[in-house]
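Here the structure comes first, spelled out in structure tokens, and everything after it is commentary.
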Amino acid sequence: MLRYLIQRLLMAIPTLIGVTVLVFTAIRLVPGDSITAMLGTEAGLLTQTQRAALESYFGLDKGPVQQYFSWIGNVFRGDLGYSVRLGEPVGDLILRRFPVTLQLALMSVMIAIVVGVPLGISSAIYRDSAIDLTGRLFALIGLAAPNFLVATVLIYVLSVYFGILPNAGNFTRFTDDPVRNLSQMIFPALTLGLAFSASIMRTTRSAMLEVLGMDYIRTARSKGLREKIVISRHAFRNALIPVVTLTGIEFSYLLGGTVIIEQIFALPGLGRLTLNAIAQRDYALIQGVTLFIACNVVIINLLVDIGYAIIDPRISYADGS
Amino acid sequence: MLTAVESLPVTGKPPSWRRTARRLLSTPSGLIGAIIVSLYIAIAACGAVGLTPHPPLAQKPIDRLQGPSSEYWMGTDILGRDVASRVIKGGTNSLYVVVLSVSLATFAGTLIGITAGFAGGFVDNIAMRIMDIFFAFPAILLALLVVTILGSGINNTVVAIAIVYTPIFARVARGPVLSLKETEFVQAANCIGMRSWRVLLRHILPNTIPPIIVQVSLALSWALLTEAGLSFLGLGTPPPEPSWGQMLSESTGIAEIAPWLLFFPGMAIMVSVLGFNLLGDSLRDVLDPRMRGSR
């Protein structure tokens, strides 16, 4: 087990290094020089000496390899660069915006589990019944409807039929006013959560059907156990493993994939920060946010993998692939 | 979430495509999926040859925000442009992006996956670690990063989406190669002195096609969603060329007085994705009997 954990940890290191190389290279592939990209038209006002001083300050006068090591050294010290457009260190901006995205991702996952798991179980137990058909139809529509469509329809329905404008007003943090915060977060979380619940429903149904067809379930039934116990103690616990994995992976992607929803509902999270950085061509910020999100995904996936190995004794620890 | 399809059973005998198509169309979901996808292609073809009720870019301010009528089947937008014509032309643009990007991703991903799986060892390790790096980025974020580098535009959207989905195809293609390398018929081909590239092309490649075909049908729906998402953010197909995502984005704020602006492009996206999903799921059921009825 320990060997497996160490193996997984070691496998994550090259991925993390690769992520830093990719982000570093990607930003340097943007056409034009970095100073012009940073300052826009104002760069034209710079004298040769000022430009040289700025290049020296940002380390742009060094070679790409030196620049990479200098940048990565700063990243390890917690310095992700400086956003010229917003006039703040990138690290501070990320730390201020991240809680909003984290709360949105957590609420979405909770909604998805509450809706998707019971629906998936019922669908599997009452296979080919009206419940199953409804559940499968829900999953089909949930997977086909993009979240920005659901969000736009939701805003339309709420504003036209209920007089509520979910994307209006200043954002309130949970610590400042929990009720107001939840009222602002519930609709974006519902939008993301319902789409994700479709995947959870399908995974739960599929896993339950597989488990319900196994010999040990037949044995449990034949020894006279009540159906409720067979389902809850024997079938559900084993069917839960792929659902837990899916939830973990989806959660990590939600931390970086809420861009459109944050934009539609005007939430000041990481996604909206990324979009604004792209619109203003704020490369230090794009680089910092992308690196932060990608590292989060790698680390959460690693934790999911480790957690999966702990809860599922069937995994062969000798096989690191 | 993007996931690679599970490896299909390796039999050493590629399935008969005529029988696969017959079985696919004999299932209700496969048939509905095929009908929807055919309709989508037909509508996109109409847009490509200019078969639209009105010119999609023509503005008629006097007719702005008209509801659906016999003249304007899906109403008009804020600039007086015919929504039906824009939905048709939007279908052409989305099909262009979707088909090109998925073709590129399929080609590049399959090439990487097959080469890595066949070579094994160091090459396989390096290739798969590089693919892992790409998997660390949520699809929309990676697409946004690529668009930032290349700039927005329809062809850059194609490249962005292709880069996002290449690693998935690499994984899907690599899996069967690893199993096939160990099969008796491949080892026999090696023993009789057949060249590596011939073994790869003659015996391995045909057997990797079924999972790749399934992945293509699913990737088409993801690519459609990504294109619509990028266009919704104003980073996909540039205006005035219509795109479903961009039309949906334009409806925000005025959907209260003109709900048709939200309804028609929204339905176009949803129904097309549904068609690809149904087709993909049915193909997987037909090609992998283990999965039948599990969804």
note = Residue set A:T41, A:T49; condition in a helix (DSSP H, G or I), away from chain B (no Cβ under 14 Å) and either in contact with a Lys or Arg (Cβ under 7 Å, 6 or more places away or on another chain) or farther than 24 Å from A:L273 by Cα (or both); output residue A:T49
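Restricting to the range B:58-95, name every residue that is of a type in the set (A, V, I, L, M), part of a loop (DSSP other than H, G, I, E, B) and surrounded by 15 or more Cβ atoms within 10 Å (Cβ to Cβ). Give the steps one after another, and end with the answer.
Here is the first cut: in the range B:58-95, the ones of a type in the set (A, V, I, L, M) are B:58, B:62, B:65, B:74, B:78-79, B:83-84, B:87-88, B:95.
Then keep just the ones that are part of a loop (DSSP other than H, G, I, E, B); that gives B:58, B:65, B:74, B:78-79.
If the condition is that a residue be of a type in the set (A, V, I, L, M), part of a loop (DSSP other than H, G, I, E, B) and surrounded by 15 or more Cβ atoms within 10 Å (Cβ to Cβ), then B:L65, B:M74, B:I78, B:L79 are the ones that fit.
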task = Quickly run through the range A:288-299 and pick out the residues that are aliphatic (A, V, I, L, M) and either free of Cβ contacts under 8 Å to residues at least 12 places away in the same chain or facing chain B (nearest Cβ under 7 Å) (or both).
result = A:I293, A:A294, A:V297, A:V298
message = Among the residues of the range B:220-231, are any among the acidic types (D, E) and assigned to a helix (DSSP H, G or I)?
response = yes
request  = Within the range A:164-204, count every residue that is of a type outside the set (V, I, T) and within 11 Å of another protein chain (Cβ to nearest Cβ).
outcome  = 8
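Across the range A:271-287, what is the total count of residues that are facing chain B (nearest Cβ under 10 Å) and in a helix (DSSP H, G or I)?
Count: 9.
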message = Residues that are loosely packed, with under 13 Cβ neighbours inside 10 Å: list the helices (runs of 4 or more DSSP H) wholly contained in the range B:151-207 that include at least 2 such residues.
response = B:184-191, B:196-199
remark   = Requiring at least 3 residues that are surrounded by 16 or more Cβ atoms within 10 Å (Cβ to Cβ), the helices (runs of 4 or more DSSP H) wholly within the range A:210-269 are A:237-257, A:259-264
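Looking at this structure, is A:I200 crowded, with 17+ Cβ neighbours inside 10 Å, at pLDDT 90 or above, under 17 Å from the mean Cα position of the chain (by Cα) and β-branched (V, I, T)? Working first, answer last.
On the way: crowded, with 17+ Cβ neighbours inside 10 Å: yes; at pLDDT 90 or above: yes; under 17 Å from the mean Cα position of the chain (by Cα): yes; β-branched (V, I, T): yes.
Considered against the rule, which asks whether it is crowded, with 17+ Cβ neighbours inside 10 Å, at pLDDT 90 or above, under 17 Å from the mean Cα position of the chain (by Cα) and β-branched (V, I, T), A:I200 comes out as yes.
The values are calculated or read from the model by the stated rules, or taken from the named source; none is laboratory data. In this text the structure is predicted, and so the values were computed from the model without any measurement. Using ideal geometry, Cβ is built from the backbone for each residue, glycine included, and neighbour counts are taken over all protein chains shown.
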